[in-house]
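In what follows, a single structure is set out as structure tokens and then discussed.
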Ligand code: NDP
């Protein structure tokens, strides 16, 4: 029993993570439900094979790991994780540790954390897709700090590095790591949706070809929008279908898939009364995108919207500014949600550290996250939009967001995430809101009462009892 760590589930992510762990010099024992997958994995491990013990039963896996054991689960979230924990439990000894590295719902992680008995349990969010898992993901750990400390040297070694600093951080107790990963995914949804909306303005409003759009994204990737998602948007726009010679984007069906992590995030945000409208719009847009036939019927029925913008109505700089402002607003919402959860669950989530852990390895990595880490370190309690650096950036860029949303609305180009971002911005800079009308209505029909701005007595209106 010499392996320092074990891993169960040699699918896309598990196989990549196991190779990464072996490459960083740790002996690892692996097991997969389907034995042939284990054999293929071992056969393909090349130079790393001597660091890897491939086992063909759970017993063999457990026996191959040094005590106290640490075993990573990389299987689909939900029942497979519970089943795998149940199968492992009788084979483990007191103090052994199970690490769920899949995309668990943090409520499940809270439950598993409470149920571990004399085992240790970590819920660990891993971001970066297959390539990240293989060469350096962003890792968000949750569970007892003492458990994290036992494996943090491995997690730091395999994680992405930003200027030498590992993107692997303990976020807090129980489901804290999986919660932060869920918010990451929610932001990812919104970031992707806003890029898709701007792509739509360029494609349908400006008549740009995918190659021209690729050049725009490439240029933006040199400025404030520098990010992995901008970079790959340029690459996918430039790609050509080898089978037909058509731009790749033009042959891909416009119906988005999802595994549900974005939805969890917006549901949780609703529970916490911490609005994340850009993420809600992104989840909504994915759902509507899948109604392909219904959309086609709608297009045949309502042909009024021209979509094509008249020459000179909008320029590329305004679109760039729309994305800059949209991004700031989206992250303000995301960090607001993290703060609310931190208070609600007593987690003390480290906001600047979260921005730092997202700077490399993960899908939402970007230059702007570096500035966010600094702004949150100065003062994590304020809205990110109020940090001086981002306030200045927003003062300049919100005009681009406004122009984009306005022209998109006028010409029938859907831009729900950008529009919701603008609405959030405008609501959050309106000192006197219109909720006095809501309060009056509530009092009128339900005698719910209201506060007065002049401090005078009288918490009901002169409308008697109605409704
Ligand atoms: P895959 O489908 O590629 O692999 C799933 C693995 O889990 C396989 O090894 C499979 O074994 C095993 N498995 C499935 N069901 C069970 C079960 N009931 N009991 C035991 N083992 C089972 O998935 P991924 O690697 O993509 O994803 C794994 C986890 O990582 C998920 O939670 C996912 O959400 C998360 N994740 C994925 C990312 C990605 O980019 N793909 C990014 C970040 C997180 P078998 O060979 O026998 O089928």
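The values are calculated or read from the model by the stated rules, or taken from the named source; none is laboratory data. This one's a predicted model, so the numbers in the text were calculated from it and none came from an experiment. As a convention, Cβ positions derive from the backbone with ideal geometry for all residues, glycine included, and neighbour counts pool all protein chains shown.
Has the stretch 124-144 got at least one residue that is surrounded by fewer than 24 Cβ atoms within 10 Å (Cβ to Cβ) and over 23 Å from the mean Cα position of the chain (by Cα)? Walk me through how you get there before you give the answer.
First pass over the stretch 124-144, keeping only residues surrounded by fewer than 24 Cβ atoms within 10 Å (Cβ to Cβ): 129-131, 134-136, 144.
Adding the requirement that they be over 23 Å from the mean Cα position of the chain (by Cα) leaves 144.
The answer is yes, given that some residue of the stretch 124-144 is surrounded by fewer than 24 Cβ atoms within 10 Å (Cβ to Cβ) and over 23 Å from the mean Cα position of the chain (by Cα).
Before we move on, is residue 39 in a loop (DSSP other than H, G, I, E, B), surrounded by fewer than 18 Cβ atoms within 10 Å (Cβ to Cβ), over 21 Å from the mean Cα position of the chain (by Cα) and in contact (Cβ under 8 Å) with a residue 12 or more places away in the chain? Step through it out loud before you land on a result.
Numbers: in a loop (DSSP other than H, G, I, E, B): no; surrounded by fewer than 18 Cβ atoms within 10 Å (Cβ to Cβ): yes; over 21 Å from the mean Cα position of the chain (by Cα): yes; in contact (Cβ under 8 Å) with a residue 12 or more places away in the chain: yes.
It is false that residue 39 is in a loop (DSSP other than H, G, I, E, B), surrounded by fewer than 18 Cβ atoms within 10 Å (Cβ to Cβ), over 21 Å from the mean Cα position of the chain (by Cα) and in contact (Cβ under 8 Å) with a residue 12 or more places away in the chain.
Of the residues in the stretch 42-55, how many are loosely packed, with under 13 Cβ neighbours inside 10 Å and in a loop (DSSP other than H, G, I, E, B)?
Looking only at that region, the number is 1.
When the residues of the stretch 151-162 are narrowed to those that are in contact with a helix residue (DSSP H, G or I) (Cβ under 9 Å, 6 or more places away or on another chain) and away from the ligand (no atom under 16 Å from the Cβ), which ends up farthest from residue 228 (Cα to Cα)? Before you say what the answer is, go through the steps one by one.
Kept after step one, since they are in contact with a helix residue (DSSP H, G or I) (Cβ under 9 Å, 6 or more places away or on another chain), are these residues of the stretch 151-162: 154-155, 157-160, 162.
Now narrow it down to the ones that are away from the ligand (no atom under 16 Å from the Cβ): 154, 157, 162.
Details: 154: 25, 157: 22, 162: 14 Å.
So the residue we want is 154.
Yes/no matrix, rows are residues, columns are (1) within 19 Å of residue 6 (Cβ to Cβ); (2) touching a strand residue (DSSP E or B) at 6+ places or on another chain (Cβ under 9 Å):
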residue	(1), (2)
111	no, no
119	yes, yes
127	no, yes
131	no, no
135	no, no
141	yes, yes
151	yes, yes
158	yes, yes
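Does residue 22 satisfy being away from the ligand (no atom under 14 Å from the Cβ), assigned by TED's automatic domain parsing to the domain that holds residue 81 and surrounded by 13 or more Cβ atoms within 10 Å (Cβ to Cβ)? If you could, list the steps in order and put the result at the bottom.
On the way: away from the ligand (no atom under 14 Å from the Cβ): yes; assigned by TED's automatic domain parsing to the domain that holds residue 81: yes; surrounded by 13 or more Cβ atoms within 10 Å (Cβ to Cβ): yes.
It is true that residue 22 is away from the ligand (no atom under 14 Å from the Cβ), assigned by TED's automatic domain parsing to the domain that holds residue 81 and surrounded by 13 or more Cβ atoms within 10 Å (Cβ to Cβ).
Is there a residue in the stretch 175-187 that is within 17 Å of the chain's Cα centre (by Cα), within 30 Å of residue 309 (Cα to Cα) and in the same structural domain as residue 307 (by TED's automatic domain parsing)?
Taking the stretch 175-187 as the starting set, the residues that turn out to be within 17 Å of the chain's Cα centre (by Cα) are 175-187.
Those still in the list that are within 30 Å of residue 309 (Cα to Cα) too: 187.
Cutting the leftovers down to in the same structural domain as residue 307 (by TED's automatic domain parsing) gives us 187.
Yes, the stretch 175-187 has at least one match.
Quick one: which helices (runs of 4 or more DSSP H) sit completely within the stretch 235-297 and have at least 1 residues that are in the same structural domain as residue 413 (by TED's automatic domain parsing) and over 17 Å from residue 417 (Cβ atoms)?
Correct list: 248-251, 261-271.
Can you spot a residue in the stretch 70-83 that is in the same structural domain as residue 20 (by TED's automatic domain parsing), more than 10 Å from the ligand (Cβ to nearest atom) and surrounded by fewer than 19 Cβ atoms within 10 Å (Cβ to Cβ)? Outline the logic, then answer.
Quick first cut of the stretch 70-83, residues in the same structural domain as residue 20 (by TED's automatic domain parsing) only: 70-83.
Next, only the ones that are more than 10 Å from the ligand (Cβ to nearest atom) stay: 70-72.
Keeping just the survivors that are surrounded by fewer than 19 Cβ atoms within 10 Å (Cβ to Cβ) gives none.
No.
Filter the stretch 191-223 down to the residues that are surrounded by fewer than 19 Cβ atoms within 10 Å (Cβ to Cβ) and under 20 Å from residue 421 (Cβ atoms) and list them by number.
Listed by number, the residues that qualify are 200, 223.
Those residues that are more than 15 Å from residue 101 (Cβ to Cβ) and assigned to a loop (DSSP other than H, G, I, E, B), I need them from the stretch 164-191; list them, please.
Result: 164, 173, 174.
Being within 20 Å of residue 130 (Cα to Cα), within 15 Å of the ligand (Cβ to nearest atom) and either touching a strand residue (DSSP E or B) at 6+ places or on another chain (Cβ under 9 Å) or in the same structural domain as residue 129 (by TED's automatic domain parsing) (or both) narrows it down to one residue among 42, 54; which is it? Steps first, answer last, please.
On the way: 54 fails: within 20 Å of residue 130 (Cα to Cα).
After applying the criteria, what remains is 42.
Return yes or no: is residue 2 over 20 Å from residue 130 (Cβ atoms), more than 9 Å from the ligand (Cβ to nearest atom) and modelled with pLDDT under 95?
Values: over 20 Å from residue 130 (Cβ atoms): yes; more than 9 Å from the ligand (Cβ to nearest atom): yes; modelled with pLDDT under 95: yes.
Answer is yes for this residue.
Would you please list the contacts, defined by Cβ atoms under 6 Å and residues six or more apart or on different chains, that run from a residue in the stretch 73-90 that is in a helix (DSSP H, G or I) to a residue that is within 6 Å of the ligand (Cβ to nearest atom)?
Once the first residue is in a helix (DSSP H, G or I) and sits in the stretch 73-90, its partners that are within 6 Å of the ligand (Cβ to nearest atom) give 84/75.
Within the bounds of the stretch 152-163, is there any residue that is surrounded by fewer than 23 Cβ atoms within 10 Å (Cβ to Cβ) and part of a strand (DSSP E or B)?
The answer is yes, given that some residue of the stretch 152-163 is surrounded by fewer than 23 Cβ atoms within 10 Å (Cβ to Cβ) and part of a strand (DSSP E or B).
Hey, among the residues in the stretch 109-150 that are part of a helix (DSSP H, G or I) and under 14 Å from residue 171 (Cα atoms), which one's farthest from the ligand (Cβ to nearest atom)? Working first, answer last.
If we filter the stretch 109-150 for residues that are part of a helix (DSSP H, G or I), which is where we start, we get 109-114, 129-135, 145-150.
Subset that is under 14 Å from residue 171 (Cα atoms): 109-110, 145-149.
On the way: 109: 12, 110: 17, 145: 23, 146: 25, 147: 20, 148: 19, 149: 23 Å.
Per the stated criteria, the residue is 146.
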